[in-house]
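This report refers to the structure that appears directly beneath it.
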Amino acid sequence: MIDPTHALSVVRQARLLELSRSSVYYRPEPTSATDLALMRRMDELHLEHPFAGARMLRDMLRNEGHEIGRKHVATLMRQMGIEALYRRANTSRRHPSHRIYPYLLRNIAIERPNHVWAMDITYLPMKRGFVYLAAVLDWATRRVLSWRLSNSMTADFCVEALEEAITRYGAPEIMNTDQGSQFSSSEFISTLEANAIAISMDGKGCWRDNVFVERLWKSIKYEEVYLHAYDTVSDARAGIARYVTFYNQRRPHSSLDGRTPDHVYFTSRPLSAAA
């Protein structure tokens, strides 16, 4: 947007674009190795103790020998997009001008593929940085229908994952998400509306509504991500692709009576709905 080589000065360009000069000259600093290690450990602790806020995480880290204060823990939590259960995760921070839709899943039986899909975002640590993972999950069969990685929590990678799932498997009757700005954005909502998909959003702070996606995140992190320190985003993408194939095709699920998501999804799905 700002062109340093343009005849107009940078200050003049900033004024014309109504940008602050500080934002023009600001260059983001990479996250330090120390903070990346702390974030990795905090991610593990958050999965095991999702009720822990900044103070409790600080004390847990101090008991493990880390010198860290509550404010720094809170800063890293914001960067990771996590908070204690009783306060919805920052990956789900709503935009004040976006419309929020009602929760549609109360007291309904979800027993068939493509009845309800769920979607969420999580933080993934790498050796020298981190990325965010978005995934579309079929609620009844636990099958991962599509996913995307991104280095920022914008709406575009969520829309891409949603569009891929619809293209490959047809549209669900209902899409359930939290109230995050990515899922209440005009791009995401218009994609749902264009495919006649009913929109369901969890109540504020109702973390249990997307519990199946939370279980997916725990499986991915403990069975894949924490076992491999990805060097690059390409490595992370290859690792997640490998794990999702295993998860769908070979990993038995106790909630599915020991069957795999692929087996339940494709044997239960009407042929007319096939992509």
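Every read-out reported here was derived from the displayed coordinates using simple, explicitly stated rules and does not represent laboratory data. What you see is a predicted model; the values in this text were computed from it and never measured. So basically every Cβ, Gly included, is an ideal-geometry build from the backbone, and we count neighbours across all protein chains shown.
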Discussion item. Using 0.36 nm times the number of residues separating PHE51 and ARG250, minus their current alpha carbon distance, what extension gain do you get?
Written reply: 68.5 nm
Practice prompt. Before anything else, pin down the relative contact order of region 33-87: Cα pairs under 8 Å, at least 6 apart, normalised by residue count, whole percent.
Written response: 43
Discussion item. Could you tell me how far the Cα centroid of region 126-192 sits from the Cα centroid of region 41-67, in Å?
Written reply: 28
Item to complete: Could you work out the relative contact order of region 116-273, using alpha carbon pairs under 8 angstrom and six or more residues apart, expressed as a whole percent?
Response: 22
Worksheet item: Quick one: if the Förster radius is 35 Å, what FRET efficiency do ARG237 and THR75 give, using the C-beta to C-beta distance and rounding to 0.05?
Response: 0.80
Practice prompt. Any chance you could run the full-extension gain for SER32 through ALA229? It's 0.36 nm times the residue separation minus the Cα-Cα distance, nm to one decimal.
Written response: 69.3 nm
Fill in: Set of aspartates and glutamates with alpha-carbon distance to LYS221 below 13 Å, sequence-local pairs under 8 removed
ASP43, GLU44, GLU48
Worksheet item: Sorted by average packing, counted as other Cβ atoms within 10 angstrom per residue and highest first, what order do 160-167, 43-50, 105-112 take?
Response: 160-167, 43-50, 105-112
